[in-house]
Amino acid sequence: MIEKLSKARRGVAGGYREVGDCITNFATTETFVPLANGLKKLARTTKVMGDLQSIQVSSSYERSTSCRD
């Protein structure tokens, strides 16, 4: 069960990073500078959320495997 949850959370983390990449691409094509800057910040924040999710996945998986020993 924990493995399934970890796999799903890894997928969520990848989704966050993918959305961040899409927002970054959108920001580079935006001609209105203030909006482009805001989109870049949003993309960065979204990627950080994905990174945090992957860290949480790895730490929760490590805790669950250490409990089995």
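The values are calculated or read from the model by the stated rules, or taken from the named source; none is laboratory data. Source: prediction; values computed, not measured. Heads up, the Cβs are rebuilt from the backbone with ideal geometry, glycines too, and the neighbour counts pull from every protein chain shown. For the accessible areas, the whole protein counts, side chains as well, though only heavy atoms, and no ligand, DNA or RNA atoms are used. Shrake-Rupley method; radii C 1.70, N 1.55, O 1.52, S 1.80 Å.
Angle between the Cα long axis of helix 2-29 and the longest principal axis of the chain, 0 to 90 degrees, nearest 10?
Helix 2-29 and the main axis of the chain meet at about 10 degrees.
ASP51: net charge of surrounding residues, Cβ under 15 Å, Lys/Arg +1, Asp/Glu -1, itself excluded?
Residues near ASP51 contribute +3 overall.
Give me the net charge for the shell around GLY20: Cβ to Cβ below 9 angstrom, other residues only, Lys and Arg +1, Asp and Glu -1.
+1
To the nearest 10 square angstrom, what accessible area does GLU3 show with a 1.4 Å probe?
80
Quick one: with all protein chains in place, what share of the accessible area of the chain is carbon or sulfur, to the nearest percent (1.4 Å probe)?
63
At 1.4 Å probe size, what's the solvent-accessible area of PHE32? Round to the nearest 10 Å².
130
Just one of [x] 3, 15, 24, 22, 12, 7, 5, 5, 4, 2, 1, 0; [y] 3, 19, 20, 15, 12, 9, 8, 6, 4, 2, 1, 0; [z] 3, 15, 22, 23, 17, 12, 6, 2, 0 is P(r) over Cα pairs in 5 Å bins from 0, in percent calculated from these coordinates, so which is it?
[y]
Taking a probe of 1.4 Å, how large is the accessible area per residue of the chain, in Å²?
In whole numbers, the chain has 74 Å² accessible per residue.
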